[in-house]
1. Under 8 Å for C-alpha pairs, at least 6 residues apart: give me the relative contact order for the chain, rounded to a whole percent.
2. Label point 7 Å out from Q49 along Cα-to-Cβ: which residues of the stretch 1-43 have amide N under 14 Å?
3. How big is the Rg/Rh ratio for the chain, C-alpha atoms only, Rh by Kirkwood, two decimals?
4. Could you work out how far helix 4-27 tilts from the main Cα principal axis of the chain, as a 0 to 90 degree angle to the nearest 10?
5. Which residue, chosen from A43, S61, I19, occupies the Cα position most advanced towards the positive end of the dipole of the chain, where the dipole is computed from +1 (Lys, Arg) and -1 (Asp, Glu) charges on Cβ about the Cα centre?
6. Tell me the angle of helix 40-67 to the major Cα principal axis of the chain, expressed in degrees between 0 and 90 and rounded to the nearest ten.
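Each reported figure results from applying straightforward, stated rules to the coordinates on display, with no laboratory input. Being a predicted model, the structure only gives us computed values, none of them experimental. Cβ sites come from the backbone with ideal geometry, for glycine too, and all protein chains shown count toward neighbours.
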Amino acid sequence: METPEEIRVRWRYLRDLLIEQLGRFESGSIQMRHEDTNVSTDAIWVLKQSIQDFDALITESEDKDAERPSRGEALR
């Protein structure tokens, strides 16, 4: 199982990839289409919302980790 720090590192990598893709959608260099309809605008909104939601989860996790005493401190 991944540690919280490994999960955060992995998320930052995936987040950067998502942001890169969003830039491509916004510039028009790539588009999502469904039944001849450009769904890029909706896709951008969903991706941005997902990034914000997951960023909030990561921040919450980091805050909890900061509040926990380290193993050495817990043993004192």
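1. 23 percent.
2. Within reach of a label on Q49, which here means backbone N under 14 Å from a point 7 Å along Cα→Cβ, the stretch 1-43 contributes 41-43.
3. 1.21
4. That works out to roughly 20 degrees.
5. S61
6. With both axes taken from Cα atoms, the answer is about 0 degrees.
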